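Heads up: the structure comes next, in structure tokens.
What follows draws every value from the coordinates through simple rules; no lab data is involved. All values derive from a computational prediction rather than experimental measurement. No Cβ is skipped: glycine too gets one built from the backbone with ideal geometry, and neighbour counts run over all protein chains shown.
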């Protein structure tokens, strides 16, 4: 007898070994049709594998995160099958599920074209319609290598040859196609409801630039056509909001080959940058942070002491001077410890909150760079809180309140929290990590925020919580972090005098709200599609005289607005007002203020607000008061 326990605690008994599909069928025909796989005592398995012992199981459907990943993994195999049917000489290599879709890398002499993608997608739809069973097979290692070599699949044979001795070799067969895979998979190809091939890109075999260049076909897959349409619509909207395109159109910044991965801020972009920095600086002052500034170029000795030299050396830019090796700082924390160490610190000085708009450099691979999202030179809104162990919880609560306030005022109301524990490569022993993790968990729970676990993704020195915000079109961005660090103060000799008169090590809380200014500004550009809130807009208003006879009054309007702190331009060109309105609307100027003969006579202004139809005529002093009020920095 086999006893199967379901997630709700109910148990079902079967006289002989059963499959997950049998269990699903015994519950109901609907679940049998929806089932994709089974989770058996925490392990995902194929529905058709027999369960030979008592077990706790969960039937996986497309509604589960694991189910969506299965659909995308199945889609990758269907893509490979379609390519092999259409282009038999092509070699298949690796094809995983990824966020929002899947890809497969192919070795083929001829490049895939957009027409090829259409043909391949059509064949994939045919394979899905065939509803071919997907069958798991266990093979002998040598037989599997021999089989793939005979098929001309050298890459697959190489993968098998590199697998650890004793590992079970599993192949999955669907129709005439067979592929190496650990699985699991859905019972048949018909369980992949909605797919779309997206693009072709180059990819080195196993990600190594010394290896052959392959062709990577990307696709997306979803549980139904509605979700696929929603995703494609989101991509279209994301393309419209692309910060690189808007950066050019709005004259905010540019990047060029002579300074790879570094930003040339134009006047309007730098105005936006400074407005954001001013806002954050006000928040720091209101929350009792000290602001400091530390060197960019620091002797390697400090990086060796901190441990960064061993871990981050390949990402650090270096220079030599007077027989010394100097490194451009990739982060600010070791330098902040140096400031803390100057003079004697008492427990009465703690918590000490030390903030810096710190310029950092990291030697990112050129292929990973992406506009402002990933650069080599960037500025962090970085801070380190030196505190006692007893202050970890109160400081964490205060920081979380500050962070959520900032996100809300910047237009982000939906924020998720992830708890990341010890990574495989880390500094400090297990006892230190046990203490750091328990301290941070206790602190996070005191905030009342819900969180999910993110195993193994902690920082080098300690566990951390990560804050993921969702933008206007549903994309997630990981920005803020808080890390509890017992290790770096020890390595760099930071200490304070406790109430007992003895020396103690402070705890360091590494924290950031925006992350980097460059990346966060990119997120803001895309969040608002360039239509910034008035307080952030680089140009807040443009005064446009209708005829040259009204230029003098237009200049008076501009002067009054500038005196009130409104970033204002004037457009004195000899162009029709409708032309000016269209042009300034395209530039995303929040307010266009038109003045004609009537406005001069009545000392009024015709006000057009971006995104709204028509205009309203207001007295000049009312216009100044209105814009001044709307341009007030949040929280001030």
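With the crude spin-label approximation of a point 7 Å out along Cα→Cβ, what separation in nm comes out for residue 602 versus residue 305?
Going from the residue 602 label point to the residue 305 one covers 7.1 nm.
On C-alpha positions alone, give me the angle between the axis of helix 114-130 and the longest principal axis of the chain, in degrees, nearest 10.
Taking the Cα atoms of the chain, the angle to 114-130 is about 50 degrees.
Taking the beta-carbon count within 10 Å as an exposure proxy, list 283, 33 from fewest neighbours to most. Kindly include the intermediate steps, with their values, before the conclusion.
Working: 283 21, 33 11.
Least to most surrounded, the residues fall as 33, 283.
Run the simple label-point estimate for residue 622 and residue 563 please: 7 Å along Cα→C-beta, distance reported in nm.
2.0 nm
Expressed in whole Å with the largest first, what are the equivalent ellipsoid semi-axes of region 447-521 derived from the C-alpha gyration tensor as the square root of 5 times each eigenvalue? Each step should come with its number before you reach the end.
Numbers: eigenvalues 204, 38, 28 Å².
Ellipsoid half-lengths, sorted descending, are 32, 14, 12 Å.
Percent of Cα-Cα pairs per 5 Å bin, from 0 to the last occupied bin, for region 253-528, please list those.
Once binned at 5 Å, the Cα pair distances of region 253-528 give 1, 5, 12, 16, 19, 18, 14, 9, 4, 1, 0, 0.
What shape does region 341-492 have by the C-alpha gyration tensor, where a ≥ b ≥ c are the square roots of the eigenvalues, rounded means a/c under 1.5, and otherwise prolate means a/b greater than b/c and oblate the rest?
On the way: a/c = 1.43, a/b = 1.26, b/c = 1.13.
Rounded.
Quote the FRET efficiency, to the nearest 0.05, computed for residue 135 versus residue 110 with a Förster distance R0 of 25 Å and r equal to the Cβ-Cβ distance.
On the way: r = 32 Å, r/R0 = 1.27.
That pair, residue 135 with residue 110, gives E of 0.20.
On a full-extension model of 0.36 nm per residue, what is the gain between residue 414 and residue 3, subtracting their alpha-carbon distance, rounded to one decimal in nm? Please report the intermediate quantities before stating the final value.
On the way: separation 411, 0.36 × 411 = 147.96 nm, distance 4.26 nm.
Extending this stretch completely gives an extra 143.7 nm.
Counting only the backbone N, which residues of region 382-409 are under 20 Å from the spot 7 Å out from the Cα of residue 431 toward its beta-carbon?
389-390
If region 541-630 were replaced by its equivalent ellipsoid, with semi-axes equal to the square roots of 5 times the Cα gyration tensor eigenvalues, what would those be, largest first, whole Å?
Values: eigenvalues 55, 50, 30 Å².
After diagonalising the Cα gyration tensor, the semi-axes are 17, 16, 12 Å.
Can you compute the radius of gyration and Dmax for the chain, using only the Cα atoms, both in Å?
Rg then Dmax for the chain, in Å: 30.1, 97.
Quick one: of the DSSP bridges fully inside region 253-528, what percent are antiparallel, nearest 5? Mind showing how you got there, number by number?
Values: 46 of 51 bridges.
Percent antiparallel among DSSP bridges in region 253-528 is about 90.
Test of understanding: what is the full-extension gain from residue 503 to residue 320, defined as 0.36 nm times their sequence separation minus their Cα-Cα distance? Don't skip to the answer; put the middle values down first.
Numbers: separation 183, 0.36 × 183 = 65.88 nm, distance 3.71 nm.
That pair, residue 503 and residue 320, stretches by 62.2 nm at full extension.
Once you order the gyration tensor axes a ≥ b ≥ c over the Cα atoms, which shape class does region 303-405 get: rounded for a/c under 1.5, otherwise prolate or oblate by comparing a/b with b/c? It would help to have the intermediate numbers written out before the result.
Numbers: a/c = 2.77, a/b = 1.42, b/c = 1.94.
It is oblate, given that a/c is not under 1.5 and a/b is not larger than b/c.
In degrees from 0 to 90, rounded to the nearest 10, what is the angle of the helix 267-286 Cα long axis to the longest principal axis of the chain?
Roughly 90 degrees between the two axes.
Could you give me the radius of gyration and the Dmax of region 389-465, taking only the C-alpha atoms into account and expressing both in angstrom?
Taking only Cα atoms of region 389-465, I get Rg and Dmax of 13.3, 41 Å.
Can you give me the distance in nm between label points at residue 451 and residue 237, each placed 7 Å from the Cα along the Cα-to-Cβ direction?
Roughly 3.0 nm, to one decimal.
On the first, second and third principal axes, largest extent first, how far apart are the outermost C-alpha atoms of region 360-431 in Å?
Per principal axis, max minus min of the Cα coordinates gives 44, 40, 22 Å.
Can you tell me the FRET efficiency between residue 63 and residue 348 if r is taken as the Cβ-Cβ distance and R0 is 51 Å, rounded to the nearest 0.05? Before the final figure, lay out each step's value.
On the way: r = 55 Å, r/R0 = 1.08.
After rounding, the FRET efficiency stands at 0.40.
Post the alpha-carbon centroid distance, region 589-636 to region 369-416, in whole angstrom.
36 Å
Hey, if you drop one equal point scatterer on each alpha-carbon of region 2-60 and run the Debye formula without solvent, what base-10 log of I(q)/I(0) do you get at q = 0.19, 0.27 Å⁻¹?
Computed log10 I(q)/I(0) values: -0.56, -1.22.
Just need the relative contact order of the chain here, percent rounded to a whole number, with Cα pairs under 8 Å and 6+ apart. Write out the running numbers ahead of the final one.
Numbers: 1167 pairs, mean separation 55.5, N = 636.
About 9 percent, as a whole number.
If you take the beta carbon distance between residue 424 and residue 582 as r and set R0 to 56 Å, what does 1/(1 + (r/R0)^6) give as a FRET efficiency, to the nearest 0.05? Write down the numbers at each step before the final one.
Numbers: r = 57 Å, r/R0 = 1.01.
Once the sixth-power term is evaluated, E becomes 0.50.
Quick one: helix 620-630 against the long Cα principal axis of the chain, what's the angle to the nearest 10°, folded into 0 to 90?
Roughly 40 degrees, rounded to the nearest 10.
Please label the shape of region 85-219 as rounded, prolate or oblate, based on the square roots a ≥ b ≥ c of the eigenvalues of the alpha-carbon gyration tensor (a/c under 1.5 means rounded; beyond that, a/b larger than b/c means prolate, else oblate).
Numbers: a/c = 1.70, a/b = 1.15, b/c = 1.48.
Oblate.
Calculate the radius of gyration of the Cα atoms of region 185-286 to one decimal place, then report Dmax, the largest Cα-Cα distance, as a whole number, both in Å.
Expressed in Å, the Cα Rg and Dmax of region 185-286 come to 21.2, 60.
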